[in-house]
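Let me begin by presenting the structure, written as structure tokens, before commenting on it.
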Amino acid sequence: MKKSVFFGALAATTLVAGLAGAATLDDIKARGELLCGSNTGLTGFGAPDASGNWAGFDVDLCRAVAAAVLGDANKVKFVPTTGETRFTALQSGEVDLLVRNSTWTSSRDSELALDFVAVNYYDGQGFMVKKDLGVSSAKELDGATVCIQTGTTTELNLADFFKQNNISYQPVTVADDSEAQRQYLAGACDAYTTDASGLAASRATMPDAENHIILPEIISKEPLGPVVRHGDNNWGDIVRWTYYALLIAEEKGVTSANVEEVLASTTDEEVKRLLGASGEMGAKFGLDNDAFKRAIAAVGNYGEIFSRNIGEGTTINLARGLNALWTQGGLQYAPPFR
Amino acid sequence: MTMATDSPKDGFRLSMLIYDTRYRSYTIQIVVLILFALAVAWLLNNTVQNLAARGKEFNFGFLWQRAGYDIGQQLIPYNNDDNHFRALLIGLLNTLVVAVLGCIFATILGVIVGVLRLSGNWLVSRLMTVYVEMFRNVPLLLWILLSYVILSEVTPQPRDFRVTDEMIAAGEEPAASMMFFDTVAVTNRGTNIPSALFERGLGTLDLGFMSLNLDFWAILAVIVASIYVNRRIVHSARATQEATGVRPVTWWKSILVLFGPVIALIVAMGFHLEIPELKGFNFQGGILVAHSFTALLIALTLYTAAFIAEIVRAGIQAISRGQSEAAFALGLRPNRTMSLIILPQALRVIIPPLISQYLNLTKNTSLGIAVSYLDLRGTLGGITLNQTGRELECMLLMMLIYLSISLMISAVMNMYNNSVQLKAR
Amino acid sequence: MSETHAQTVGFTRNDMLPPLPPPVTERGAIKWLRENLFSTPLNIALTLFGIAVIYLLLQSALPWWLNSVWNAESLSQCREIVAANAGPDASGACWAMIRERWHQFLFGFYPPEEWWRPVLAFGLLFAALAPVLYSGQKRSLTILLCGVLAYLVLTLYLAGASGVVFALALLLVLGMLGLAQVQPGKLLWFTLLYPALTFWLLWGGSIWSPIVAMAGFAVLYGVFRLASPLIGLAPAAGAGVVAAVLWWLYIDVPVVEMLQSALPFSIPAIASDQFGGFLLAIVIGVTGISFSLPIGILLALGRQSDMLIVKWLSVGFIEFIRGVPLITLLFTASLLLQYFLPPGTNFDIILRVIILVTLFAAAYLAEVIRGGLAALPSGQYEAADALGLDYWRAQRLIILPQALKISIPAIVSTFIGLFKDTTLVAFVGLMDPLKGVTQIVRADIDWKGIYWEPYIFVGAIFFLICFGMSRYSMYLERKLKTDHR
């Protein structure tokens, strides 16, 4: 008798059949919910709070896409994924979109059949050491013990770096960021290596932040960005241009607070197109014309997202650096919206 | 089938396939076989379709690609230029070493705790009960995480071992010191133990796909040979005893045969210990045993020992008092009673559940994931899977390996069990 | 001699001397200490060792416990309070985290206004188990149901359930109490309905979906009864199963929609991803063990069968599942299951994990039940054959009831093991109480760097539940043993 619930559950509620990959947009609209692959919990980038609301830099991009596609930034279901399960979750259609500080690499594009549609955070792998170790460059770390998270690109970069510089190290593999921080603080490793943003976030929450330094060497390029399945180009375009819309909004000074005002008063044609006041830009993606306006209104422009979650003034206190707009010396550059 | 039916006189009808007990079991088996084959075909078909849809293929060629990552604990040489298969081997050896050591330690500890739980000492038996209940009723994962935290929080940092000139001048001792005659250093990043080195080693033999450490194999061969010779000596002593009633004295022969050749060999090869020394950031030299290994081993040992203690206790309690009383009546001393009367009988009760504890322990080594211990799951099912994206191949291969290990353990232990069990005649 | 003596001695004691108290070393605490702690040199050494262990444990942990902080906003505030109270170098527990986040450890992200639902389902679980554990024993049934009643009154009040819910739940349990007095056997119907009820309570949605899904079994039974006179038992059973599967696949959903539009009654639907903490552990554990019971029985019978193919398939399945670690099966659920199912099939990870955990538990239960079957004296099988019962009747009426009864303690042990193993679901991204929720709590910048407290809290709850169950299973074992003497 107990089997009934099982089959009932299979048949009635949870079995969502439909060819994944063919038309993600239609699936999402039919479902009324965006499935967004997220981290199981990474400070500043994506973690649920005490009441279960997800917040963070990556999470806000998911919300922006949901606002653009479904008109409601809260119609997102966040699916926590681990380093091992994230790409499979995407490939199998368990999530529509993966925004989980994943590095864009050639083999992930080709071999894993994924599409990285944009780079929402330019990062690089760095080292953090205690000040009293007396080390000022990563090349002085010969023989050091290095804490490193498994299941990421960082372990490959680390191996390459030490090999190139012909110095040795002892890896201490750790499962996640908070474990790494504990090990590092306890002195179980001399250096902690991960993306520089993660290092900064860790350092910010340490009781004695002034005693730790991040070494100047950035040993890798870590372009982190949203990922979609290979083969559904329209869906990839939607995610890509939602992200660019947030960038353009920052460039043009459109914020979540003033978006209506700007819409009414602007004379800039690109802003008009962006906000759906002229042209049929949204419709070309299969969305409403004011889709991108909704995204901006819901989560704010790129600068707002950055400063709200990880920017200067928050506990994590990251500088914009490479992630400043191209007009301010950074790398964030959106193609023209026309 | 148990029921016999009179064979019907009339000819074969189709319905007899269902109603006639002679044919029914064949019908059922054929139906089951067809259903099973259909299910397998369905799964295979789905897999092929899914692989095609994702543009993937099913082959194990990726195992020969460069791995590119480093592994902290290696029992055989490995560096990041080696291929994924080599990494798999490293992981497999790491799994096995934890499993074997865990089984040994858990058995020793479990037997001690099981006996102490029955002891007349109120305090100790209570303490053992608390230990057993605590470990049996809390998830193993928690013990692994906790022992890892304890190891890295409680142990000193390498720099605490440092003796500076000022300290010598002030007559101070360093905050931490090495153990066992300054040969073992426990720091919060691992345990440094001395390693064995040979001045006149035999070198390595390169077989192309892998290289053999000849020192290790030579010692192993000598040990195996001496054990064999010793068995022959004991055997002939027993034969003499049975023939003449007098057992020749053989203990000195045994000691000579067991230890002489090995000692001679390692002296000949120029054996010395390399003792870890504090240099730069860390202790250098010797072997570094990572805390992820130690924590996993400690947690597995303590957890499994709690179960083994219960098994041992039940085994001893299952032997009736009359057995030991009868032994005393025969004039056997207590330790002879234990070794000749109680233990052989208790073993019959103990061994079958002990086998399943060994199997559990071996399977539980996969929880090393919690402390990022790079065992089979960490290399093949972790980093390799992640870097190559071949989840189907990696997972199937991993399950196959675990399955073979389990089957081998249970086969070996069952053989031993059969040799101990009463032979029913 | 005695006479002269009697005369010469002026005083003869007529009454016995009162016995002297035993020497000081042979009585009271000292005797106890000598006997139990210091009887032999070995024992003295052991005792000293025990005292040393206790001293070390207390010395390292006691200050930390004594400096506990219960009210704080964040870990750094905790540290400040400890430093202010006990000096700068003192360490102290920061239970304020538990105070703020306890609900995530228990319910995950289940919405607070709906907490009454898991709470109610948990209470009714015992009401559903009662008829199985104490079939026909009025007194035990009444005691257990009264316990459930008291639990529900307390927890539903704490969870802030509405008056209607309160009244309905109490009515239900009171009704069961009444039924227990008159016809305790009928209570089994509640056990059979409980899975559907719980599914509806936990996941919510329309009340019609569990009812219509249960109706599939009615269809199965109806077809079986109608067809068995026409085509015989075995084909009728097959036809019934086919009909039920057709019902679930094609008729279920439209009927639910129709009924829901005609007679709408539903509670808010809660998606699986809101489940977490001990709620998730219990849901996976309990569904795993209860679904696996029928599969386990079939596998155990299959393994003992005379039919070679059935036997080898059962053995292969059991040995395969028992030979690989649970964690690889969980990874299979999360990574491989999509490969094996038709392209595009996708259902949520909790259900996939439950399926794999069910298969895992089924293999272990099959071995447990096989043990129970083997423990039955062969006279029972022979007696059943002598009565002329066919295979299924013999199993149903004679063999299984006894074999299952013998196996109950081992089934409870399997459940304890499974329940502890539910913590492993953290590795496929689910929020188990031990690692999943702890990681989420630590990702909060306020609690980043907290280590011991969540582990101790979760470990204590696990200990309470598992220890309680293991004691219960020992009690059962003793009780069942006397029955069989």
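The values are calculated or read from the model by the stated rules, or taken from the named source; none is laboratory data. Please read these numbers as outputs of a predicted model, since none were measured by experiment. Ideal geometry is used to build each Cβ from the backbone, glycine not excepted, and the neighbour counts take in all protein chains shown.
Read through the list (1) modelled with pLDDT of 90 or more; (2) not in a loop (DSSP other than H, G, I, E, B), then give the number of the only condition that A:G282 fails.
(1)
Within 14 Å of chain C (Cβ to nearest Cβ), buried (at least 24 other Cβ atoms within 10 Å of the Cβ) and in a helix (DSSP H, G or I): is that true of A:L98 in this structure?
So A:L98 fails the test.
Going by the conditions given, is A:S92 more than 19 Å from B:L392 (Cα to Cα) and touching a Leu at 6+ places or on another chain (Cβ under 9 Å)?
no
Of all residues being of a type in the set (F, W, Y) and within 10 Å of another protein chain (Cβ to nearest Cβ) in the range C:222-257, which is surrounded by the fewest Cβ atoms within 10 Å (Cβ to Cβ)? Just the residue, please.
The qualifying residue surrounded by the fewest Cβ atoms within 10 Å (Cβ to Cβ) is C:Y250.
Identify, from the list A:N166, A:N157, A:N120, the residue that is without any contact (Cβ under 8 Å) to a residue 40 or more places away in the chain and either more than 10 Å from chain B (Cβ to nearest Cβ) or closer than 30 Å to A:V228 by Cα (or both).
Within the list A:N166, A:N157, A:N120, the selection yields A:N166.
Out of all the residues in the range A:60-68, is one or more within 11 Å of chain C (Cβ to nearest Cβ) and more than 20 Å from A:F285 (Cα to Cα)?
Within the range A:60-68, none of the residues are within 11 Å of chain C (Cβ to nearest Cβ) and more than 20 Å from A:F285 (Cα to Cα).
Any idea which of (1) within 26 Å of the chain's Cα centre (by Cα); (2) surrounded by fewer than 20 Cβ atoms within 10 Å (Cβ to Cβ); (3) more than 14 Å from chain B (Cβ to nearest Cβ); (4) not charged (D, E, K, R) is the one C:S292 doesn't satisfy?
Failing condition for C:S292: (2).
Of all residues in the range A:77-112, which are free of Cβ contacts under 8 Å to residues at least 24 places away in the same chain and polar (S, T, N, Q)?
Those that are free of Cβ contacts under 8 Å to residues at least 24 places away in the same chain and polar (S, T, N, Q): A:T85, A:T88, A:S106, A:S107, A:S110.
Based on this model, can you work out whether B:L374 counts as within 7 Å of another protein chain (Cβ to nearest Cβ), surrounded by fewer than 19 Cβ atoms within 10 Å (Cβ to Cβ) and not β-branched (V, I, T)?
Spelling it out, it is not the case that B:L374 is within 7 Å of another protein chain (Cβ to nearest Cβ), surrounded by fewer than 19 Cβ atoms within 10 Å (Cβ to Cβ) and not β-branched (V, I, T).
With the range A:173-232 as the region, which strands (runs of 3 or more DSSP E) entirely inside it contain at least 2 residues that are crowded, with 19+ Cβ neighbours inside 10 Å and away from chain B (no Cβ under 14 Å)?
Once the strands (runs of 3 or more DSSP E) in the range A:173-232 are filtered for at least 2 residues that are crowded, with 19+ Cβ neighbours inside 10 Å and away from chain B (no Cβ under 14 Å), what remains is A:222-229.
Test of understanding: among A:G44, A:G83, which residue is closer than 27 Å to A:L247 by Cα, within 11 Å of another protein chain (Cβ to nearest Cβ) and not in a strand (DSSP E or B)?
Going through A:G44, A:G83 in turn, the sole match is A:G44.
Return a yes/no flag: does the range B:299-321 have any residue that is within 8 Å of another protein chain (Cβ to nearest Cβ), within 21 Å of the chain's Cα centre (by Cα) and on the phi < 0 side of the Ramachandran plot.
no
C:Q104 versus (1) at pLDDT below 85; (2) surrounded by 14 or more Cβ atoms within 10 Å (Cβ to Cβ); (3) under 22 Å from the mean Cα position of the chain (by Cα): which is the lone unmet condition?
If we test C:Q104 against (1) at pLDDT below 85; (2) surrounded by 14 or more Cβ atoms within 10 Å (Cβ to Cβ); (3) under 22 Å from the mean Cα position of the chain (by Cα), just (1) comes out false.
Cβ-Cβ below 8 Å, separation at least six or inter-chain, first residue in the range B:349-367 and small (G, A, S), second assigned to a helix (DSSP H, G or I): which pairs?
Listed by first residue and then by second, the contacts come to B:S366/B:T95; B:S366/B:L376; B:S366/B:R377; B:S366/B:Y402; B:S366/C:I327; B:S366/C:T328.
Tell me yes or no: at least one residue of the range A:138-157 is assigned to a strand (DSSP E or B), surrounded by 18 or more Cβ atoms within 10 Å (Cβ to Cβ) and of a type in the set (D, E).
Scanning the range A:138-157, I find no residue that is assigned to a strand (DSSP E or B), surrounded by 18 or more Cβ atoms within 10 Å (Cβ to Cβ) and of a type in the set (D, E), so the answer is no.
Quick grid of which residues meet (1) more than 30 Å from B:V149 (Cα to Cα); (2) among the aromatic types (F, W, Y); (3) more than 14 Å from the chain's Cα centre (by Cα); (4) part of a helix (DSSP H, G or I):
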{"position": "C:W392", "(1), (2), (3), (4)": "yes, yes, yes, yes"}
{"position": "C:I398", "(1), (2), (3), (4)": "yes, no, yes, yes"}
{"position": "C:L418", "(1), (2), (3), (4)": "no, no, no, yes"}
{"position": "C:I445", "(1), (2), (3), (4)": "no, no, yes, no"}
{"position": "C:I450", "(1), (2), (3), (4)": "no, no, yes, no"}
{"position": "C:L476", "(1), (2), (3), (4)": "yes, no, yes, yes"}
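Scanning the range C:390-419 for residues that are within 10 Å of another protein chain (Cβ to nearest Cβ) and without any contact (Cβ under 8 Å) to a residue 40 or more places away in the chain, which turns out surrounded by the fewest Cβ atoms within 10 Å (Cβ to Cβ)?
C:D390
For B:I350, indicate whether it is surrounded by 18 or more Cβ atoms within 10 Å (Cβ to Cβ), more than 10 Å from every other protein chain (Cβ to nearest Cβ) and of a type outside the set (S, T, N, Q).
When the stated conditions are applied, B:I350 passes them.
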